[in-house]
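Q: I have a structure here, written as structure tokens, and I will follow up with some questions on it.
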Amino acid sequence: MSLDSLFQIFLIIFGFGLLIGIHEFGHFIAAKWAGIRTHVFAIGMGPTLISYRRGIGFCINSSEIKVKERFGKSSAEMSDEELKCNGISETEYTLKLLPLGGFVSMLGQEDGKPEAVSDDPRSYNNCAIGKRMVVVSAGVVLNFVLAAIFFIISFQMGVRFEAPIIGDIKENTPAALTPSL
């Protein structure tokens, strides 16, 4: 495989990662706006490569390991007041091994366990229906905005191509070999 092919594959993966990252960022900012507690903002799937949490800093693997070492419990088990007193953020920002995919983990919203709900007022399931609709649709809306921005940039830059010539037939092409009527 040539270096150029590897670069093209990298660009495709980077493009999908950017698209997914923007999509998940839409859900994330909408959840923050709605007052929903967010545990994780992840780009990619699988094992965590690096993570960042305010108050802990950058970590190889998940910052939850350091949170448990320092405080004896995970950040999800801590109240908002405990997090604030300990000077750490409720949200862990992660980059995972497989660059295709991503997610935002919110309190009270587990897709694999719909019966898992929370009584916390900041949970997804206790949020007003209108706000939940905004959170769910924000990813698609941000992708639409990104597409519009790229569309505008593309038309500002322009695309060069050879102008079509009507009525001219190139020699030794199928059209030239076909008998005229």
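Q: Once you order the gyration tensor axes a ≥ b ≥ c over the Cα atoms, which shape class does segment 48-122 get: rounded for a/c under 1.5, otherwise prolate or oblate by comparing a/b with b/c?
A: It is oblate, given that a/c is not under 1.5 and a/b is not larger than b/c.
Q: Test of understanding: what is the full-extension gain from I166 to K73, defined as 0.36 nm times their sequence separation minus their Cα-Cα distance?
A: 26.1 nm
Q: Determine how large the accessible area of V141 is when every protein chain is in place; take a 1.4 Å probe and give Å² rounded to the nearest 10.
A: Its accessible surface works out to 80 Å², give or take rounding.
Q: When the dipole is taken about the Cα centre of segment 1-86, and only Lys, Arg (+1) and Asp, Glu (-1) are charged at their Cβ, what size is it in debye, to the nearest 20?
A: Taking the Cα centre of segment 1-86 as origin, the dipole is about 240 debye.
Q: So, one more: When the accessible area of segment 18-129 is split by element with a 1.4 Å probe, what percent falls to carbon and sulfur?
A: Answer for segment 18-129: carbon and sulfur cover 61 percent of the accessible area.
Q: Positive end of the dipole of the chain, charges at C-beta (+1 Lys, Arg; -1 Asp, Glu), about the Cα centre: which of T178, A148, C127 has its Cα farthest in that direction?
A: Positive-end residue among those listed: C127.
Q: Let me ask another. Could you give the accessible area per residue of the chain, probe 1.4 Å, as a whole number in Å²?
A: Spelled out: the 1.4 Å probe surface of the chain, per residue, equals 69 Å².
Q: With every protein chain present, what accessible area does L49 have (1.4 Å probe, heavy atoms only), rounded to the nearest 10 Å²?
A: Around 80 Å² of this residue is reachable by solvent.
Q: Additional query: Once Lys and Arg get +1 and Asp and Glu get -1 on their Cβ, which of G46, V67, I9 lies farthest toward the positive end of the dipole of segment 9-82?
A: It is I9, whose Cα lies furthest towards the positive end.
Q: How big is the charge dipole of the chain about its Cα centre, in debye rounded to the nearest 20, if each Lys and Arg gets +1 on its Cβ and each Asp and Glu gets -1 on its Cβ?
A: Dipole magnitude for the chain comes out near 360 debye.
Q: If the cut-off is a Cα-Cα distance under 19 Å, which aspartates and glutamates reach K113, setting aside same-chain residues fewer than 8 apart in sequence?
A: Output for K113: E77.
Q: Relative to the longest principal Cα axis of the chain, at what angle does helix 3-34 sit, 0 to 90 degrees, rounded to 10?
A: For helix 3-34, the angle is close to 50 degrees.
Q: Could you point to the label whose value was computed as Cα Rg over 2.2 N^0.38 Å for the structure here, given (i) 1.04; (ii) 1.21; (iii) 1.56?
A: (iii)
Q: Pick out, in residue order, every one of the GluC sites (Glu not before Pro) in segment 9-118 that is DSSP loop and has at most 10 other C-beta atoms within 10 Å; say none if there are none.
A: E115
Q: Between I29 and I129, what FRET efficiency comes out of the Förster formula 1/(1 + (r/R0)^6) with R0 = 22 Å and r the beta carbon distance, rounded to 0.05?
A: 0.70
Q: While we're on this one: So for the chain: antiparallel DSSP bridges make up what percent, rounded to the nearest 5?
A: 80 percent
The values are calculated or read from the model by the stated rules, or taken from the named source; none is laboratory data. All of these numbers come straight from a predicted model, not from anything done at the bench. Cβ coordinates were reconstructed from backbone atoms using ideal geometry, including for glycine residues, and neighbour counts include every protein chain displayed. Calculation scope for accessible area: heavy atoms of the full protein, side chains included, ligands and nucleic acids excluded. Shrake-Rupley method; radii C 1.70, N 1.55, O 1.52, S 1.80 Å.
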